[in-house]
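Undergrad: Handing you a structure now.
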Amino acid sequence: MSDFINIKNLTFEQLEVLSSEIREELLNAVSKNGGHLASNLGAVELTIALHKCYNPGNDKIIWDVGHQSYVHKLLSGRSLDGLRTFGGVSGFTRTSESNTDCYDSGHSSTSVSTALGYAYARDLKGENYNVVAVIGDGAMTGGLAFEALNNVSRLKSNITIVLNNNEMSISKNVGGMSKYLSKIRTGKFYHNTKKRVKDRLGETSLGKGLKHIKDAVKFMFLNDNLFEMLGIITIGPVDGHNIRELTEAFEMAKNIDAPVLVHVITKKGAGYSFAEQNPSKFHGIGMFDVKTGEVLNNNLSLKKPSDVFGETLTTIAQQNDKVVAITAAMPDGTGLMEFAKKFKNRFYDVGIAEGHAVTFAGGLARGGYIPVVAVYSSFLQRAYDNIVHDVAMRNLHVVFAVDRAGIVGEDGESHHGLLDLAYFLSMPNVAVLSPCNNEVFEQMIQFAVNNYNGPVAIRYPRFPLEYEMAGGFVFGKGSVIREGKDITVVTSGCCLKKVVEAVNIAGVDAEIIDIRTIKPIDKELLLKSYGKTGKIITVEDGVTYGGLGSVVQSVIGGKVTKVGYDNDAVVTHGSVSELERHYNTDAKSIAEVILKEVK
């Protein structure tokens with residue numbers, strides 16, 4: 001299925017057959033390459049209806065997050081055979097792939113803002129195309145979505161917002177918006193009210209004159225509709241797996257010269273029983289067996305850092321009742337599920353609201369608690385000002401568990417955690433730690449929670465910390481892994497293993513230093529080693545300008561050769577090993593740099 005599919009003239013019966021074929025294609029592709037399965041299965045009929053009613057390439061369909069755009073990719077002529085592989089199609093929308101992708105995506109709650117910008121640009125230019133934002137109810141927990149909705153009402157022309165309500169983001173949705181949409185979703189209030197109005201009016205002249213009781217109920221209870229109160233005309237709820245109903249709703253929305261919201265009810269994982277029963281597991285999944293739903297070849301023998309974090313924090317919380325945990329819609333991904341079960345009153349899932357999570361943590365810290373904020377590195381970028389203004393400048397004891405730091409692999413450019421070290425290093429009062437193995441990681445968590453009295457960030461990768469070594473963690477001190485006289489190689493965290501491998505490949509007498517506390521850095525150790533070897537290379541899993549290499553350079557005041565990622569590079573998707581080879585950060589490439597500097 002790699003040719004552009006023109007579905008304009010297909011019958012609804014034919015479209016139903018197509019939806020089944022697409023589900024088979026999704027299962028085949030994701031089971032081989034991994035990816036976001038449940039969200040795409042739930043959006044099959046929705047995407048087909050959008051392609052039937054609109055003209056992607058001319059009309060602008062903006063997918064919030066973009067992880068549910070696989071069906072859209074298929075319908076616009078792209079193959080999923082190389083999904084998320086190096087050189088293959090991305091797991092998110094990319095303008096470089098197709099003109100039907102009108103915006104690059106990857107983070108949540110952005111689609112309405114983008115669509116509003118497109119709509120104003122269209123009107124200012126006097127152009128004529130439709131603008132559609134597809135946003136999930138999980139993304140509606142993000143503040144940016146509400147900021148956009150607040151401005152949508154000022155638009156005097158058409159924009160369509162498709163609210164895909166499946167009661168899930170990555171995990172089960174939380175908060176007041178989720179409850180509000182769930183109330184609409186069940187339809188009990190609406191349908192009971194409709195019956196009461198119909199019964200009360202009965203055979204009166206008014207009752208006979210109202211052909212559309214639905215419109216009467218909508219009018220009478222206008223103030224109960226949040227979106228109507230914001231000046232957005234609402235259609236629905238609509239069955240998100242009924243292509244005919246969806247098509248009728250979208251055609252209606254197109255013909256209204258005002259902002260419109262189409263409320264669509266879908267089931268995440270629809271059509272595949274394992275995904276329906278466990279949508280969180282199949283939200284983002286690796287290779288799996290389609291027949292059994294079991295994950296394949298996933299290095300299950302190696303403990304992931306998120307598991308180490310969750311287990312350690314749970315143990316600490318049993319002994320320290322001041323410890324609380326906060327996450328932004330990712331209790332499972334960050335390893336906090338067990339903590340959430342054992343300490344329900346000390347666990348807070350704030351939804352997709354990273355900025356709020358951080359400022360909320362600041363309030364908890366001022367209130368006498370020790371908040372631990374667990375968020376993926378690339379998502380924590382969204383809370384930069386909150387960290388600076390509400391935690392760092394106040395020197396509050398908040399622990400940031402920065403998961404997925406460094407290269408994450410197949411999710412690609414919007415999900416790599418390459419910037420966190422550089423921005424944490426620029427902030428006042430924030431200590432920054434980076435573990436090389438699980439033992440050191442556990443010690444860092446214990447220290448950050450129980451023995452430190454200020455903001456501290458612990459950054460760790462998605463994949464297992466495999467470097468086996470003796471020696472523990474001492475705050476502010478680096479560790480000499482190997483002594484040498486030819487050159488000093490300074491690294492931290494997960495890079496240590498490949499640095500040791502690189503030195504072995506190079507065959508030189510190199511001194512290797514593991515910087516476990518990046519801020520404040522061990523100046524004495526660095527100056528001593530530099531005085532001995534006269535040459536320094538740094539290796540890091542982030543951007544080189546403003547990162548570890550820049551700190552080392554400021555300490556020694558001399559030349560430092562930096563191995564890492566260019567600040568202006570947008571790192572693509574692929575396996576970690578492929579990306580490291582491509583960007584010259586693998587062990588072989590590091591060895592070549594070492595040999596060049598030594599010679």
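The values are calculated or read from the model by the stated rules, or taken from the named source; none is laboratory data. Computed from a predicted structure; not experimentally measured. Don't worry about glycine lacking a Cβ; one is built from the backbone with ideal geometry, like all the others, and counts go over all protein chains shown.
Undergrad: Under the condition of being aliphatic (A, V, I, L, M) and closer than 27 Å to G417 by Cα, which residue from region 492-505 is surrounded by the fewest Cβ atoms within 10 Å (Cβ to Cβ)?
TA: It comes out as V500.
Undergrad: Kindly establish whether F347 is hydrophobic (A, V, I, L, M, F, W, C) and surrounded by fewer than 21 Cβ atoms within 10 Å (Cβ to Cβ).
TA: Taking the combined requirement at face value, the residue satisfies it.
Undergrad: Given the residues G542, G549, G564, G493, which is the only one that is touching a Ser or Thr at 6+ places or on another chain (Cβ under 7 Å), within 30 Å of V89 (Cβ to Cβ) and outside the structural domain of V402 (by TED's automatic domain parsing)?
TA: Within the list G542, G549, G564, G493, the selection yields G564.
Undergrad: Out of region 72-101, which residues are over 24 Å from L10 (Cβ atoms), over 19 Å from the mean Cα position of the chain (by Cα) and of a type in the set (A, V, I, L, M, F, W, C)?
TA: Of everything in region 72-101, just one residue is over 24 Å from L10 (Cβ atoms), over 19 Å from the mean Cα position of the chain (by Cα) and of a type in the set (A, V, I, L, M, F, W, C), namely F86.
Undergrad: Could you list, in sequence order, the residues of region 72-109 that are of a type in the set (V, I, T), surrounded by fewer than 20 Cβ atoms within 10 Å (Cβ to Cβ) and either on the phi > 0 side of the Ramachandran plot or touching a residue at least 40 places away in the same chain (Cβ under 8 Å) (or both)?
TA: If the condition is that a residue be of a type in the set (V, I, T), surrounded by fewer than 20 Cβ atoms within 10 Å (Cβ to Cβ) and either on the phi > 0 side of the Ramachandran plot or touching a residue at least 40 places away in the same chain (Cβ under 8 Å) (or both), then T85 is the only one that fits.
Undergrad: Test of understanding: among E13, E25, which residue is exposed (fewer than 13 other Cβ atoms within 10 Å of the Cβ) and in a helix (DSSP H, G or I)?
TA: None of the other options fit; the residue is E13.
Undergrad: Turning to a different aspect of this structure: Pairs please, first residue from region 362-391 and in the same structural domain as S434 (by TED's automatic domain parsing) and of a type in the set (A, V, I, L, M), second anywhere and in a strand (DSSP E or B) and surrounded by fewer than 17 Cβ atoms within 10 Å (Cβ to Cβ), Cβ atoms under 7 Å, 6+ apart in sequence or on different chains.
TA: none
Undergrad: Does L116 qualify as being touching a helix residue (DSSP H, G or I) at 6+ places or on another chain (Cβ under 6 Å) and of a type in the set (A, V, I, L, M, F, W, C)?
TA: Yes.
Undergrad: Is there a residue in region 510-518 that is in contact with a Pro (Cβ under 9 Å, 6 or more places away or on another chain) and closer than 23 Å to A431 by Cβ?
TA: So far as region 510-518 goes, yes, one or more of its residues are in contact with a Pro (Cβ under 9 Å, 6 or more places away or on another chain) and closer than 23 Å to A431 by Cβ.
Undergrad: Tally time: how many residues in region 66-120 are more than 28 Å from K156 (Cα to Cα) and of a type in the set (A, V, I, L, M)?
TA: Looking only at that region, the number is 6.
Undergrad: Here is a further query. Of the residues that sit in region 52-74 and are in contact with a strand residue (DSSP E or B) (Cβ under 8 Å, 6 or more places away or on another chain) and in a helix (DSSP H, G or I), which one is nearest to F92 (Cα to Cα)?
TA: Y70
Undergrad: Taking H573 as meeting all but one of (1) outside any helix (DSSP H, G or I); (2) surrounded by 16 or more Cβ atoms within 10 Å (Cβ to Cβ); (3) more than 23 Å from the chain's Cα centre (by Cα), write down the number of the exception.
TA: The failed condition is (3).
Undergrad: Another question, if that's okay. Among the residues of region 162-183, write down those that are modelled with pLDDT of 90 or more and out of contact with any Ser or Thr (no Cβ under 8 Å at 6 or more places or on another chain).
TA: V162, L163
Undergrad: Working carefully through the options A383, A365, A340, find the one that is more than 15 Å from the chain's Cα centre (by Cα), crowded, with 18+ Cβ neighbours inside 10 Å and within 27 Å of C494 (Cβ to Cβ).
TA: A340
Undergrad: Now for a different question. Take E540 and decide whether it is touching a strand residue (DSSP E or B) at 6+ places or on another chain (Cβ under 7 Å), outside any loop (DSSP other than H, G, I, E, B) and of a type in the set (D, E).
TA: yes
Conditions (1) assigned by TED's automatic domain parsing to the domain that holds L525; (2) over 18 Å from A374 (Cβ atoms); (3) surrounded by fewer than 17 Cβ atoms within 10 Å (Cβ to Cβ); (4) among the acidic types (D, E), marked per residue:
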position	(1), (2), (3), (4)
A422	no, yes, no, no
F447	no, no, no, no
E468	no, yes, yes, yes
G472	no, yes, yes, no
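Undergrad: Go through region 231-286 and count every residue that is closer than 17 Å to T47 by Cα, in a strand (DSSP E or B) and out of contact with any His (no Cβ under 9 Å at 6 or more places or on another chain).
TA: So the answer is 5.
Undergrad: Where the second residue is outside any loop (DSSP other than H, G, I, E, B) and β-branched (V, I, T) and the first is assigned by TED's automatic domain parsing to the domain that holds V260 and in contact (Cβ under 8 Å) with a residue 60 or more places away in the chain and lies in region 115-132, which pairs have Cβ atoms under 6 Å and are six or more apart or on separate chains?
TA: V131/I159; V132/I61; V132/T160
Undergrad: Quick check on this structure: which one of V508, V489 is hydrophobic (A, V, I, L, M, F, W, C), buried (at least 24 other Cβ atoms within 10 Å of the Cβ), touching a residue at least 40 places away in the same chain (Cβ under 8 Å) and in contact with a helix residue (DSSP H, G or I) (Cβ under 7 Å, 6 or more places away or on another chain)?
TA: Matching residue, one of V508, V489: V489.
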